[in-house]
1. Just the number, please: percent antiparallel of the DSSP beta bridges in the range 6-247, rounded to the nearest 5.
2. Looking at 45, 172, 102, which one has the Cα that reaches farthest to the positive end of the dipole of the range 6-247 (charges on Cβ: Lys, Arg +1; Asp, Glu -1)?
3. Which of rounded, prolate or oblate describes the range 1-50 when judged by the alpha-carbon gyration tensor and an a/c cut-off of 1.5?
4. Mind sorting 184, 198 by how few other Cβ atoms lie within 10 Å of their own Cβ, fewest first?
5. Considering the dipole of the range 6-247 built from charges on the beta carbon (Lys and Arg +1, Asp and Glu -1) around the Cα centre, which of 112, 149, 26 is farthest to its positive end?
6. Distance in nm between label sites at residue 139 and residue 104, each 7 Å beyond Cα in the beta-carbon direction?
7. Put +1 on the Cβ of each Lys and Arg and -1 on the Cβ of each Asp and Glu in the range 6-247; which of 10, 187, 212 then has its Cα farthest toward the positive end of the dipole?
8. From Cα pairs below 8 angstrom and at least 6 apart in sequence, can you work out the relative contact order of the range 98-165, rounded to a whole percent?
Amino acid sequence: MTDAVIDLRGATVAYDGRAALTGVDLHVAPREVVAVLGANGSGKSTLIRAVLGLIPLAEGDLALFGTPFLHFHDWTRIGYVPQRGGATTGVPATVREVVSTGRLALTGLRRPRAADREAVDRAIATVGLSDRAGDSVSTLSGGQQQRVLIARALTCDPELLVLDEPTAGVDAASQAGLAETLGELANGGATIVLVAHELGPMTPLITRAVTMADGRVLHDGAPPDSDHLHLHDPEHAHPVHEPHPSSRHVWGLR
């Protein structure tokens, strides 16, 4: 049986004694495109950070690519795309310079080699920004900055791409462009997990939706016909104890 990309079981996360996640399971199989939906404060971003090991579990078990988290070390297999605020740091930097930092997991402090430069060029081309590679990131639109972060995450050719609200604060045209980029990556075999309030143009890409509410999984199954329905109308959501069949699997960064 193929190992799951993500196998999170019984996850509980607490902040200052208050539970942010309670008994959450998340199983993602290879090549799935999973949307984690929910209102602000529902626990969706906390769930993603727990999967990436950015916050510790108070209870529960986590395995990545079939390896228990404590023994997992190959972070080049995972690309993490934070919200757009991570694209600019106040220090002037070009698109190429920001994207190049994605190779640090492989290069460390050594000088970049031809293969590293080619990987950066390839990632920039994938998101359609080759003509802006020498421009300051601060001169780009919100959607273009988001594509810079995606390119940075792609420089090590990750098998799993995790995106935290990639369409937040970007216009409709940019959202459509991001959806096209992610669709190409999904068609190429990538596993994708994205956090969102609403799916918009991402909807056709989604193979499964996980809706969070109050730190618990409210719905895990087929993508919703309407974001509004599953985010705000629990009566119509599938109960979590009847998961979608695709979830029944045994199982860079910044």
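Rule-based calculations on the coordinates, nothing more; no lab input. The structure displayed is predicted, hence computed values, not measured ones. Reconstructed Cβ throughout: ideal geometry from the backbone, glycine too, with neighbour counts over all protein chains shown.
1. Roughly 55 percent of the beta bridges in the range 6-247 run antiparallel, per DSSP.
2. 102
3. Oblate shape, in that a/c is at least 1.5 and b/c is the bigger or equal ratio.
4. 184, 198
5. Looking along the dipole axis, the top candidate is 112.
6. Label at residue 139, label at residue 104, 2.5 nm between them.
7. With unit charges placed on the Cβ atoms, the residue in question is 187.
8. 50
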